[in-house]
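What follows is one structure encoded as structure tokens, with my remarks underneath.
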Amino acid sequence: AERIIFDKHIRPRVTSAIIAEHRERPIGHHSDELERVLIHLRKHHGTMSGKYILVCTIPHEEWRVARITGIPKELPQLLDQPYSDRDEAEHGIFLMRLRDAGLIEEES
């Protein structure tokens, strides 16, 4: 059932327009189409392992994406790319989630 929902209701919603909408406004009110995609991508199907989080590494200056390991008391693993803007970082997480789900190619 989960695969049918993904193929029929999520995959068709991931368009260049949805990606552009998220790039312009990653935080706040979204269209119904984008909101449905975001809800699906954030579910993680009951597991915390591999979940992306945003970490402010230099207050008001630098943000990095990290992955939760799923191991109690183990710190999240920071990814390499720094972002100078929180909105950019939020969009970076969105693109990572789309890639991980096989919804976009590596270079989008």
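The values are calculated or read from the model by the stated rules, or taken from the named source; none is laboratory data. Model, not experiment: these values are computed from the prediction. So basically every Cβ, Gly included, is an ideal-geometry build from the backbone, and we count neighbours across all protein chains shown. Keep in mind that these areas ignore ligands, DNA and RNA; they rest on the heavy atoms of the full protein, side chains included. Shrake-Rupley method; radii C 1.70, N 1.55, O 1.52, S 1.80 Å.
Structure notes:
One line per residue, one yes/no per condition, for (1) of a type outside the set (Asp, Glu); (2) touching a helix residue (DSSP H, G or I) at 6+ places or on another chain (Cβ under 6 Å):
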position: TRP63; (1), (2): yes, yes
position: ARG67; (1), (2): yes, no
position: GLY70; (1), (2): yes, no
position: LYS73; (1), (2): yes, no
position: ASP80; (1), (2): no, no
position: ARG97; (1), (2): yes, yes
position: LEU103; (1), (2): yes, no
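- Candidates are the residues of region 53-64 that are within 15 Å of the chain's Cα centre (by Cα) and surrounded by fewer than 17 Cβ atoms within 10 Å (Cβ to Cβ); the one that is farthest from GLY28 (Cα to Cα) is VAL55.
- Pairs, first closer than 18 Å to LEU38 by Cβ and among the basic types (Lys, Arg) in region 1-18, second open to solvent by 90 Å² or more (accessible area, probe 1.4 Å) and at pLDDT below 95, C-beta under 9 Å, six or more apart: ARG13/ARG36
- Among the candidates GLU90, GLU74, GLU62, GLU105, residue that is of a type in the set (Asp, Glu) and closer than 28 Å to ALA1 by Cα: GLU105
- Among residues of region 74-87 that are more than 13 Å from PRO59 (Cα to Cα), those with a beta-carbon under 6 Å from a residue that is open to solvent by less than 70 Å² (accessible area, probe 1.4 Å) and assigned to a loop (DSSP other than H, G, I, E, B) at least six positions away or on a different chain give the pairs PRO76/ILE68; ASP87/PRO26.
Residue-by-condition table, conditions (1) modelled with pLDDT under 95; (2) on the phi < 0 side of the Ramachandran plot; (3) surrounded by 11 or more Cβ atoms within 10 Å (Cβ to Cβ):
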| site | (1), (2), (3) |
| --- | --- |
| HIS22 | no, yes, yes |
| LEU41 | yes, yes, yes |
| THR47 | yes, yes, no |
| ALA66 | no, yes, yes |
| ILE71 | yes, yes, no |
| ASP87 | no, yes, yes |
| HIS91 | no, yes, yes |
| GLY102 | yes, no, no |
| SER108 | yes, yes, yes |
